[in-house]
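*Asks:* For reference, the structure I am asking about is given below.
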Amino acid sequence: MDSIFFQLLIFGILAALANILGGLILFPSKIHRNYKKSLKYLLALGAGFMLAVTFFEIIPKTILLWQKIHPEASQNLYPPMLLLLAGYLLTQFFEHTIAPHFHLGEEINSENIISTSSAYTGVGGLLIHTFFDGVSIAAASQIDMKIGLLVFIAVFLHKFPEGFTVGSMILAAGKGFREVLIATIIIGLTTLLGVLLFYFVGSRLGFSVAYALPLASGVTLYVAASDLIPEVNHHGGKRPLVSISVFAGVAIFFAIHFVVNQLMVL
């Protein structure tokens with residue numbers, strides 16, 4: 001096994017643990033109250049970071065990789081951009097057609113009790129984009145370890161709120177600790193599965209990084225722009241600090257990007 005595999009394994013495990021902790025934090029009441037207060041800021045940071053990674057790293061690298069692999073059609077960027085759009089629209093389809101959409105952290109209120117089938121359908125919808133979270137990490141890492149690290153951080157920042165959402169839905173359906181733990185473990189393992197499946201199987205099936213990366217970037221763009229930003233606006237209300245946190249997420253991206261570049265030079 002090479003160093004990329006062990007890096008991906010660590011990334012996948014950490015992302016999975018973040019999902020689980022995000023759900024379990026619902027149970028200690030004091031921690032839950034404090035965490036819920038900071039949830040909107042974490043969402044905003046994650047949204048800004050993911051948008052920056054998508055536009056400044058993933059999409060440019062997708063174009064360069066496509067031009068390298070297909071030099072005869074280097075000016076024709078329709079295929080990778082079509083894959084990016086497909087990733088975006090597929091996420092929209094699964095989240096809002098097959099599965100209902102829930103506002104993060106609101107399902108635990110007594111007036112928002114939902115059916116068991118709705119809760120599990122919601123979890124099923126989340127499984128789609130958690131799987132592609134893993135694919136995104138693996139595809140980016142196989143191009144450049146630096147990009148893989150940045151994509152992992154982008155994914156990791158929304159894993160706690162994601163686990164919180166899953167736990168909220170399960171509790172709102174009248175379930176308890178055991179069911180929340182099982183659901184968050186499944187969500188977390190799906191990200192790890194996306195990492196490992198792409199690493200071991202993707203290339204053998206001819207699903208190369210050149211095709212996987214734009215598809216996964218469409219999913220990432222959707223999560224940032226269509227999931228997290230609306231949630232930030234919904235929870236932030238008229239609080240300017242929440243909106244500023246989005247810009248802080250972008251600033252964190254550039255800071256980490258600078259640090260990583262400096263470390264790679266050494």
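*Asks:* Mind listing the long-range amide H neighbours of Leu26? Cut-off is under 5 Å, sequence gap 5 or more, other chains count too, H placed in the peptide plane at 1.01 Å from N.
*Replies:* Correct list: empty.
*Asks:* Okay, moving on. Could you tally the net charge around Gly188, taking each other residue with its Cβ under 11 Å from the Cβ of Gly188, Lys/Arg +1 and Asp/Glu -1?
*Replies:* So the environment of Gly188 carries a net charge of -1.
*Asks:* If we sort 157-167, 60-70, 186-196 on the protection proxy, mean other Cβ atoms within 10 Å, highest first, what's the order?
*Replies:* 157-167, 186-196, 60-70
*Asks:* List, in order, the whole-Hz ³J(HN,Hα) value for each residue of segment 185-201 obtained from phi through the Karplus relation with A = 6.51, B = -1.76, C = 1.60 and θ = phi - 60°; use x for Gly and Pro.
*Replies:* 5, 4, 4, x, 5, 5, 5, 4, 4, x, 4, 6, 5, 5, 5, 8, 10
*Asks:* Still on this structure, please answer the following. Taking the mean number of other Cβ atoms within 10 Å as a proxy for protection, how do you rank 210-220, 142-152 from highest to lowest?
*Replies:* So the peptides 210-220, 142-152, ranked by packing, come out 210-220, 142-152.
Rule-based calculations on the coordinates, nothing more; no lab input. What you see is a predicted model; the values in this text were computed from it and never measured. Reconstructed Cβ throughout: ideal geometry from the backbone, glycine too, with neighbour counts over all protein chains shown.
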